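See below for the structure under consideration.
A short reminder: the numbers here are calculations on the coordinates, not readings from a lab. What you see is a predicted model; the values in this text were computed from it and never measured. Cβ placement follows ideal geometry from the backbone for every residue including glycine, while neighbour counts extend to all protein chains displayed.
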Amino acid sequence: MPTLRVVKTVAYCNPLVPAEWIEAHALRAAWVVPRDGAASAETGSLAGMCAYARAIVDTLGSLDENTLAVLTTTCDQMRRAAGLLAERRPEGVFLLNVPRTHDSPASRTYYADELRRLGRWLVDRGGQAPAAKQLADVMIRHDAACGAFRRGELPAAAPPWCNPVAVELAAEMKAAGDGGVPLGLVGGPLRRRDLAIAHGIHAAGGRIAFDATCGGQRTLADALDPAAVERDPVGELVRAYFDHIPTISERPADRLHAWLTRQITGRHVRGLVCVRHVWCDLWRAVVPRLKETAGVPILEIDLGDEDRGGEGRLAQRLEAMIESLHRRGP
Amino acid sequence: MIFRQRLCQSYWHCRKIVGATLDGFEFPARHGCTMTDPAEKITLDQWDDRYRDLCRGGLREADYGGPLGRHVEAHGDRRLLRLRMDNSAAALRLWNLLLSEEDRLHRARAEGKFLLGTMKDLGTVPVMAYALEGVLAFYPDGAWWTPCLMEHSEGLLALADRLGIDDSFCPVRAMLAALVDENHFPVPDTLVCSVGATCDDVAAIAQRIDELGFPVFWWEIPHRRAADSGEPSVELPGGVRAPVAQVEFVRGELDRVRRHLEERTGQSLDDARLAAGIRRANQVRRLLARLRHFAYQGDPSPMPALEMMIAEVLSIHYCSDWAETLSVLEDLLAEVRRRLVAGMGHGPAGAARVFWVNPPADLRAMNLLEECGGRICGTDYMIAHAIDLIPEDVPPLVALARAALADPMVCSTADRAERIVREAGTSAAEAVVVSRIPGASHCASESLLVGRIVARRLGLPVVDIEIPPVLDAMEPTIRARLEALVETVLARRNA
């Protein structure tokens, strides 16, 4: 394997940003989790801004100039967050255009072109354009780590391109074992403090049977085909990410619901916990359909951006849900 | 003699102010207006008397015409009782065109016409649809003003709540309820929605519409970005630029829309037809450009902000009647010219010149601005791309792709702000109002960025005002903010 001289970190927070592509450019890919704590004076004044997007702006805006940021157009709040961030760091932010529709081959071509554009942007900022072999090597290495995740075999030290909160959650899910009322966890990306939901579920006698939050099992890239990696690495990246990952932003949203249905049925879950950041329209609008189709009770949890408080209420709601599921029987 | 002298003075005053000739103008005798009719804003009750006067004066109306009061009685448009409307026959026709749309759509359905519901693109897909025979395109999104017009008596937002789309979404959620309850516009024969660089509200609500049994044909509009170094780019309507590759991508998406329309209507939508559709759109847009120029630059303001906003909105889908939209705009233009020549207008000359960003959820906001001593001198109601001329010297789908990419909502807020700066500067704006739409995903951060950029580039005061669908409970606050803005403008003049 060639030695890569890592000069800068590229921070991102969306599963449609392929870490392999960044690392193949001799840069360090890091899934950024927004810091906990109160919003800054600037973003705190923005009524109606998604709590997660607000926290991302604050976190990325305070990083040093050796950290580049890649945000995506997968939701309007994050698209506009990129604009806010670009005000602070005009040269340090890249907005990756991810098509919402998959009906036309032009959409996946567009995504592939966006990856190439991202590559040029990285090269302009200190990255190295990868040879095909170099890219393929990085992809195979990532795929091995990703495969372990897919099987639930957690590495002792997760690579930085993994969502660290999802890794922590996966570890907690594994430690909880197979006992308890099985629940599905569905929704947007979690912040570290949102792990209180997992703690609450486990404390109340439940267990998380699948993690469909952003960065969890749902959003892992598909296993790579080594022959395709050899033949057309960028094409294989597009397949593993754009063609495979069911997202909340895709229109129509059928793939997401099909994935959730498979998980609900296959893992025999008895309830869903749906989390969404306050002002996140996309996840908010998913709940009505889930209520019609999931066939199991659903608990909705809004994730606000208040510094603290609400832990007791959250625990009580989770306890009440799990208790009611206990009474219903399997 | 005195009147003729005044007319001449006014004429030269207008030439100076608006920088354009009024030569060749003929007063519109067919409307029952006379040269001396003053410009006034009147209540709905006063409109009853005014309507009778106009009829006595020989008013001739289109088949959707009639007294405005009937919209309250027949349709429950109670907000009209709280509005102050322009007293001209041209405004009467404008209001009647707007408020009769649902009736006209139902009639079109009964006549066997094909109804296309197009969502979010605000001005592009209707150009294609109206190039076909017997096809009407309208925006279900337009139902967002229904809770305002009916002052919530129609229950659309409450129904949207029950359908799972609560008030964390913008009032456009009314369209979901209107489709389900079928008490407003007829269910379209097909629904088309742009998605991508659009607001989350419509993306989420349209998905819910699809799930509830109203299949949506989706097409992609990407976030408009700046061309990279060495990348070919092209100028779009409105003076902005986009990479050629993005135009080509959108052309492909619009080609998918074209094929969908062909399949659903059984008609060919070839380039010749599309080109004719573009020419028709440009007829409307040219008229509207002239109207905006005279109305926003004339002093005193010859046409109220409220009627001008509705006139602008006609451009997106012609209020389901292209020919009538043309006539309405012609009448409004004639009235504005008549008033400019006569030196008449609303309010005193020298009112604070305000550039308004985003359409307000309550129409009454436009009245309030004028009651507080302001007037509109320029706008960005999120439909700038529906007002700009569509190129006629390139293949039609390329032209439409350029128009779609010129949408001020598909670029970054900073890019949108640049155009606002340019237009606020040329329209001699003295202040900017960013009207916040409750729950809208784009509104959270845009007032900060627009305000910052406008202040930096033009040094103008900017206020951010949230306008709910019925603003009555908030009126003291909104009024206070608008009054403070106007006072600031006047103080700056004297500084």
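Observations on the model:
- Here the Kirkwood formula puts the hydrodynamic radius of the stretch B:184-342 at 18.8 Å, using every distinct Cα pair.
- Residue ranges B:172-181, A:167-176 sort as B:172-181, A:167-176 when ordered by packing (mean number of other C-beta atoms within 10 Å per residue, highest first).
- The charge dipole of the stretch B:285-334, taken about the Cα centre with unit charges on the Cβ atoms of Lys, Arg (+1) and Asp, Glu (-1), comes to about 240 debye, rounded to the nearest 20.
- Straight-line reach from B:Lys41: taking Cα to Cα under 29 Å and skipping same-chain neighbours fewer than 8 places apart, the lysines in range are B:Lys16.
- Unit charges on C-beta of K, R, D, E only; dipole of the protein assembly as shown, Debye: 980 debye
- Here r is the Cβ-Cβ distance between B:Asp53 and B:Asp472 and R0 is 22 Å; the resulting FRET efficiency, rounded to 0.05, is 0.15.
- Nearest 10 degrees, 0 to 90: helix A:311-328 Cα axis against chain A principal axis: 60 degrees
- Chain A: most fluctuating residue of A:Ser40, A:Ser104, A:Ser62 per GNM, C-alpha cutoff 10 Å: A:Ser104
- Three-way shape label, chain B, alpha-carbon gyration tensor, a/c 1.5: rounded
- Overall form of the stretch A:39-120 per C-alpha gyration tensor (a/c, 1.5; a/b vs b/c): oblate
- Cα shape, the stretch B:318-415, gyration tensor, a/c 1.5 rule: oblate
- Amide H contacts of B:Thr379 (H built 1.01 Å from N, under 5 Å, at least 5 apart or other chain): B:Trp356
- Length-normalised contact order of chain A in % [C-alpha pairs under 8 Å, at least 6 apart]: 20 percent
- Of the GluC sites (Glu not before Pro) in the stretch B:55-160, those whose Cβ has at most 15 other Cβ within 10 Å and which sit in DSSP loop: B:Glu111, B:Glu133
- Of all the options A:Pro18, A:Pro246, A:Pro130, the one that moves most in a Gaussian network model of chain A with Cα springs shorter than 10 angstrom is A:Pro130.
- Taking all Cα pairs closer than 8 Å and separated by 6 or more residues, the relative contact order of chain B comes to 18 percent.
- For the stretch B:134-161, there are no residues whose amide N sits under 11 Å from a probe point set 7 Å from the Cα of B:His106 along the beta carbon direction.
- Nearest 10 degrees, 0 to 90: helix A:105-124 Cα axis against chain A principal axis: 60 degrees
- Highest-MSF residue in chain A out of A:Thr72, A:Thr43, A:Thr265 [GNM, Cα springs under 10 Å]: A:Thr265
- With Cα atoms, 0 to 90° folded angle of helix A:51-61 axis to chain A main axis: 30 degrees
- Average other protein chain Cβ within 10 Å of Cβ, residues A:74-87: 6
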